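S.K.: I'd like to ask you about the structure that follows.
The values are calculated or read from the model by the stated rules, or taken from the named source; none is laboratory data. Just so it is clear, the structure is predicted and the values come from calculations on it, not from any experiment. Ideal geometry is used to build each Cβ from the backbone, glycine not excepted, and the neighbour counts take in all protein chains shown.
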Amino acid sequence: MLKGIGGEYEVQRVLGALGTTIYAVSVPVFVAAGTIKDVSVTEFSLAFPAGLAACIGATAGAIRLKDQGVANAKVTEQTGAVPTTPPAGPPPNPAMLDNGATGEGR
C-alpha cells in the first residue's frame, strides 16, 4: 500500500498514511481525555468522518498529482512531445447524429 509502482516507498503515501493514522487515533483520545473541551459526542461524531475524509482526499490528491507528473515526464522522455490537453472541438451537429442508438453519424 505504501509502495509505488516501482516497488519503493513513496513520500506521499507514507506521510498520508502516517497523518491519517495519527488523526484517527489521537483525536478520539484527546476528546475522551478531555484535552479538547466543550465537544459533545454528537459534534465529534459529525465532524470526525469529515476530517478523516479530508486526510484521505488530500493524500489521494497528492499521489495523483505526482503520478500524473511522472507519466507526463515519461511521455516527454520517450517521444520528445510534451503532453497537452486536446482542444475542445466544435459542438456536434444534431442533424448528423443517428437517433442516438449508436452515436455514429449517418
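S.K.: Taking interchain pairs and intrachain pairs at least six residues apart, which have beta carbon atoms under 6 angstrom, with the first residue in the range 11-27 and at positive phi and the second surrounded by fewer than 16 Cβ atoms within 10 Å (Cβ to Cβ)?
M.R.: none
S.K.: I've got another one for you. Test each condition in (1) on the phi > 0 side of the Ramachandran plot; (2) modelled with pLDDT of 85 or more for Ala60 and report the one that comes out false.
M.R.: Just one mismatch for Ala60, condition (1).
S.K.: Now a separate question. Of the numbered conditions (1) surrounded by 10 or more Cβ atoms within 10 Å (Cβ to Cβ); (2) within 30 Å of Val31 (Cα to Cα); (3) at pLDDT 85 or above, Val70 fails exactly one; give the number of that condition.
M.R.: Condition (2) is where Val70 drops out.
S.K.: So, one more: Report yes if Thr79 is modelled with pLDDT under 75 and exposed (fewer than 10 other Cβ atoms within 10 Å of the Cβ), otherwise no.
M.R.: For Thr79, the condition - modelled with pLDDT under 75 and exposed (fewer than 10 other Cβ atoms within 10 Å of the Cβ) - is not met.
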